[in-house]
Amino acid sequence: MSGRESAPDSDSNPGPDHDDRLWYDAPAAEWVEALPVGNGRLGGMVHGRPARERVALNDDRLWAGHHADRTPDGGPDDLDAVRECLWDGEFERAQRLCNEFFVTDTTGVQPYQPLGDLLLDCPGHDDPAEYRRNLDLREGVSRVEYTADGTRFERECFASAPDGVLAVRIEADEPGAVDARVRLDRDRSARATGVDDTVVLRGQVIDLPGDDEAVEPGGWGQRFEARTRVRAEGGTVAAAADEEAPSIDDCDPESDADGDGIVVAGADAVTVLVAAGVAPPEGDPRDECQETLAAVAGDDYAALRERHVADHRERMDRVDLDLGAPVDAPTDERLDRVRDGERDTHLTQLYFQYGRYLLLGSSRPGTLPANLQGIWNEEYRPPWDSDFTLDVNLEMNYWHAEVANLRECADALVEFVDGFREPGRETATERYGCEGFCAHLHSDRWHTTSQTADAHWGHWPMGAAWLCQNLWERYAFSGDRADLERIYPILREAAEFLVDYLVEHPEEDWLVTAPSASPENQYRTDDGQEATTCVMPTMDVQLTRDLFGHCIEAADALDRDAEFAAELAEALDRLPPMGAGEHGGLREWLHDYEEVNPGHRHVSHLFGYYPADVLHGGDGGATADGRPGSADLALDRAEFDEAVRASLERRLDHGGGHTGWSCAWTIALFARLGDGAGVGEHVRKLLADSTYDSLLDAHPPFQIDGNFGGTAGIAEALVQSHDGAIRLLPALPDAWNDGSVSGLRARGGFEVDMAWSDGALDAATVRAERDGICRVEASDRIEAVETADGRPVDLSRPDGTDRSRAEEFVEFRASAGESYDIVVGED
Ligand code: FUC
């Protein structure tokens, strides 16, 4: 390669260093086939087109609208009227009243929108040879290589978290061979100008809904700017509009982009840096862009790349997974073969690492959390507004964050949920006369907490309660008091709402949520009514147990709010029991109604099995940590397992698990059931039926939750830690018979490495981050545990768990910073 700032040697094929690369031998034909780069905030979809490269840009703050004041028509008195209907068995009417009183508008929330396109026109590159493009998950760099007119060209693109810029590099193996025109373009509400070496795209979001065809900026729309600085090594650089600008062949005569950007001619190499800024309507995003670019003005490409790769790689390298040998074929072909029934366990491994890569790209401290599409979206009104949907999707986006060792990525979620408290208080008081805060089905950058969809979906006040389960996991995994201090005020306020929202059941001595819904699923009553609005569905029993149980535990650990904790404990005693229904599965509602759609994609009543574990703590009575035991739930572990399995299988028998995220949840549930065959079958299905060639999840359309939930499900099959023990290889599919993993995290502050062969554990190491009791369970006899320097550790062998025998289950005292080798016996 020529050029002083040359990149490391290229190699599109899996190299000796690692094999976590997606690669293709043709450019992306459409957006969803492009390859994502992102630094949590700024993202690009790299199409890999030689003659006209398109990097479709996003900034995670670019949303239409503002925080809308959605005052409902009804209030707490109307809530009583709805409840009366529910007590009288008038469910359809209750649902209608919810709409009338509480659903302020059904237009959803405001959409997340694209920033624009970075376009690189390279004349004469229309007919490339020896083409390759790839995405290196370890380095976080996307690369395109080809030969045009005998010259080998290489491009790289990455989005740097340490420096806040997206960088593109073009190099050639001939000096002076790089000609390019660099433009920014957005087909709505923005204008681009090129001056000297800089293209600036400035615009303002047009608010939707309303006249979404309008082209005039205005309304509440935020102002945004994308700014591109072009640096050439050798050759000339000038604004295309400049009379002195060099002329290069026009490779895009159809271009209608403003000003036609910057022209580079005869360069050895070119670096293009993109910064973005978003500001409120009265602000100006220019400063942010200028500051970002000024901060890297003294750094050459190699320095920027090095900093980016170091930052990215440190995070990616925390977990290594080996499920099989790499397959030397383009990723899309491999996916096709899986669709044809071939086995490719390495693709599963790649999918797992991709789920980690995508979270790093879409959620970093200080950014917004990953939305329905992470941060990658090309539409002005994307599917479901690319919003934050709270009845599974946003939560699923973070299911893997802890276990897959990317805990800092979940900071953004904690901050976001914290941001619900203020608007959510208003929503709780105005509508229900309740203390605390709540959130409903949808939200957006503006922290909408009210109902914005028909009551069928939208009247579901449990969004905050579910998000608190994610928040709890931070503490559960770290055991760190600082995490507990951070999340407790949020949990407490969510519980304040819920305990206030609970109401006496008119006939039983129960406290119930009413109205609520088992997300999006409709039931049919004996008298033929069809509704989603209901009295405390099973999911609400589980959500309430989860939230109150955690609040009680937290209050105790922090030595606070004893009175409030006692109030919650009293409420817990009065929740309706969960139980099995007619089909042997877990009842989804308080009564054993018939489902209108037995193959529904949501399995909300299994929330308490995965991601939560409402039975944690033993099989009866209050547990040592103050959480309710299973006696309160009228189901013991074996009955719960059986009921969950029956519910899941019934759903699947009727066509459930058909969206990407639903399939991902299915994988995780089979993992918790200890069913490796179920895991294997649904991982295959996820890849075959719900994955685009770019390995992005297909709901369809693209929705990122399946990637994240799928990654969590794969981890769950390897290590579990939800019920007080670290369970090694609990649900290994046959296809993964030989393998190894390192760096998965387990609750209590542990990290786990393992190797296995013929489906049996060979060895494992557990590293302790804090002092405490460590319980380990394997499927083979655990002979001994030794410290890293070979000292035997005192073990006790309690009775084991519901699924294990004492020989397979050991307990020992672990010390912070120490690592423990688990020695397993031959069967
Ligand atoms: C929920 C799901 C849909 C979709 C949407 C964004 O409403 O039921 O399948 O994922 O969120």
Check off (1) out of contact with any Lys or Arg (no Cβ under 6 Å at 6 or more places or on another chain); (2) buried (at least 23 other Cβ atoms within 10 Å of the Cβ) for Ser662 and give me the number that stays unchecked.
-> (1)
When the range 723-740 is checked residue by residue, the ones that are under 25 Å from Asn470 (Cβ atoms) and either touching a Leu at 6+ places or on another chain (Cβ under 8 Å) or surrounded by 21 or more Cβ atoms within 10 Å (Cβ to Cβ) (or both) are Asp723, Ala725, Ile726, Arg727, Leu728, Pro730, Ala731
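Yes/no per residue for (1) more than 27 Å from the chain's Cα centre (by Cα); (2) exposed (fewer than 15 other Cβ atoms within 10 Å of the Cβ); (3) part of a loop (DSSP other than H, G, I, E, B); (4) away from the ligand (no atom under 16 Å from the Cβ):
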position	(1), (2), (3), (4)
Ala554	no, no, no, yes
Glu563	yes, yes, no, yes
Leu568	yes, no, no, yes
Ala571	yes, no, no, yes
Trp589	yes, no, yes, yes
His600	no, no, yes, no
For the range 574-587, what are the residues that are out of contact with any helix residue (DSSP H, G or I) (no Cβ under 7 Å at 6 or more places or on another chain) and either open to solvent by 40 Å² or more (accessible area, probe 1.4 Å) or within 16 Å of the ligand (Cβ to nearest atom) (or both)?
-> Arg574, Glu582
Take Phe352 and decide whether it is modelled with pLDDT of 95 or more and within 14 Å of the ligand (Cβ to nearest atom).
-> no
Asp336 passes all but one of the listed conditions (1) within 19 Å of Gln703 (Cα to Cα); (2) at pLDDT 95 or above; (3) not in a loop (DSSP other than H, G, I, E, B); the exception is number (1)
Quick one: Val178 ticks every box in (1) within 20 Å of Val270 (Cα to Cα); (2) surrounded by fewer than 24 Cβ atoms within 10 Å (Cβ to Cβ); (3) in contact with an Asp or Glu (Cβ under 8 Å, 6 or more places away or on another chain) except a single one, so which number is it?
-> (2)
Restricted to the range 379-394, and to residues that are more than 7 Å from the ligand (Cβ to nearest atom) and buried (at least 24 other Cβ atoms within 10 Å of the Cβ), which residue is nearest to Leu358 (Cα to Cα)?
-> Leu394
Checking Ala428 against (1) open to solvent by 10 Å² or more (accessible area, probe 1.4 Å); (2) in a helix (DSSP H, G or I); (3) at pLDDT 95 or above; (4) more than 27 Å from Glu402 (Cβ to Cβ), the condition it does not meet | (1)
In the range 746-758, anything over 25 Å from Ser478 (Cβ atoms) and open to solvent by 10 Å² or more (accessible area, probe 1.4 Å) is listed as Ala755, Ser757, Asp758
Failed item, numbered, when His125 is tested on (1) farther than 17 Å from Leu22 by Cα; (2) in a strand (DSSP E or B); (3) touching a Pro at 6+ places or on another chain (Cβ under 8 Å) | (2)
Leading residue by the ranking (farthest from Ala646 (Cα to Cα)) among those in the range 657-710 that are within 12 Å of the ligand (Cβ to nearest atom) and of a type in the set (D, E, K, R) | Asp697
Conditions: (1) within 16 Å of the ligand (Cβ to nearest atom); (2) at pLDDT 95 or above. Glu595 meets all but one. Number of the miss?
-> (2)
In this structure, does Ala404 turn out to be of a type outside the set (Phe, Trp, Tyr), in contact (Cβ under 8 Å) with a residue 12 or more places away in the chain and within 16 Å of the ligand (Cβ to nearest atom)?
-> no
Does the range 489-501 contain at least one residue that is in a loop (DSSP other than H, G, I, E, B), touching a Leu at 6+ places or on another chain (Cβ under 9 Å), among the hydrophobic types (A, V, I, L, M, F, W, C) and closer than 30 Å to Arg41 by Cβ?
-> no
What do you reckon, is His459 in contact with a Cys (Cβ under 7 Å, 6 or more places away or on another chain) and either within 16 Å of the ligand (Cβ to nearest atom) or open to solvent by less than 10 Å² (accessible area, probe 1.4 Å) (or both)?
-> yes
Exactly one condition in (1) buried (at least 24 other Cβ atoms within 10 Å of the Cβ); (2) within 19 Å of His447 (Cα to Cα); (3) modelled with pLDDT of 95 or more is not met by Gly366; state its number.
-> (1)
Here are Gly713, Gly743: which of them is open to solvent by less than 30 Å² (accessible area, probe 1.4 Å), more than 25 Å from Gly608 (Cβ to Cβ), more than 16 Å from the ligand (Cβ to nearest atom) and within 20 Å of the chain's Cα centre (by Cα)?
-> Gly743
Tabulated pairs, the range 656-671, first over 14 Å from Asp705 (Cβ atoms), second among the basic types (Lys, Arg) and more than 11 Å from the ligand (Cβ to nearest atom), C-beta under 9 angstrom, 6+ apart or interchain | Gly656/Arg650; Leu669/Arg645; Phe670/Arg645
Answer yes if at least one residue in the range 538-550 is within 16 Å of the ligand (Cβ to nearest atom), of a type in the set (A, V, I, L, M) and in a helix (DSSP H, G or I), and no otherwise.
-> yes
Among strands (runs of 3 or more DSSP E) lying entirely in the range 776-827, which contain 2 or more residues that are more than 30 Å from Ala638 (Cβ to Cβ)?
-> 782-787, 819-824
Give the range 506-530 a look and list any residue that's open to solvent by less than 50 Å² (accessible area, probe 1.4 Å) and of a type in the set (Lys, Arg), or say none.
-> none
Going by the structure shown, is Gln469 crowded, with 24+ Cβ neighbours inside 10 Å and among the polar types (S, T, N, Q)?
-> no
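The values are calculated or read from the model by the stated rules, or taken from the named source; none is laboratory data. All figures in this text were calculated on a predicted structure; none of them were measured in a lab. Heads up, the Cβs are rebuilt from the backbone with ideal geometry, glycines too, and the neighbour counts pull from every protein chain shown. Calculation scope for accessible area: heavy atoms of the full protein, side chains included, ligands and nucleic acids excluded. Shrake-Rupley method; radii C 1.70, N 1.55, O 1.52, S 1.80 Å.
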